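Structure first, then comments.
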Amino acid sequence: MLINNLNLLFKQYTKQTLYKDKKQTGNKNDSIKDKIADAFDYSEAEERKLNASIAAKINSGEKLTPKELLYLQKKNPILYTKMMMMERKREMLKQRLKTCRSKKR
């Protein structure tokens, strides 16, 4: 479900970006990857602040927003992989809890 949300967000972002650029410049030769890379250009201070907020969310067990996940995927793929593994474990545990039998019947 989370991966589907990321894919949808990515598709929407690329469509919007390409439409805006096409409308403004009329240039179709720019690559999509360049446009996505430009979306995550932050100053050092902003990047440190974003990394700290992501780390705090991960340590507290909160879910990350799709934008934060895309940022992690681009800037820190190792942490992104660990986060996705944690998310899968979380979903598996939820499913197991739904199907388990309670002590009270």
Exception for residue 62 within (1) modelled with pLDDT of 70 or more; (2) in a helix (DSSP H, G or I) falls at (2)
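Table: residues versus (1) more than 27 Å from residue 93 (Cβ to Cβ); (2) among the small types (Gly, Ala, Ser); (3) surrounded by 12 or more Cβ atoms within 10 Å (Cβ to Cβ).
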| residue | (1), (2), (3) |
| --- | --- |
| 45 | yes, yes, no |
| 48 | yes, no, no |
| 56 | no, yes, no |
| 64 | no, no, yes |
| 67 | no, no, yes |
| 71 | no, no, yes |
| 74 | yes, no, yes |
| 79 | no, no, yes |
| 83 | no, no, yes |
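The values are calculated or read from the model by the stated rules, or taken from the named source; none is laboratory data. Keep in mind it's a predicted model, so treat the numbers as computed, not measured. Positions of Cβ are generated from backbone atoms using ideal geometry, with glycine treated the same way; all protein chains shown enter the neighbour counts.
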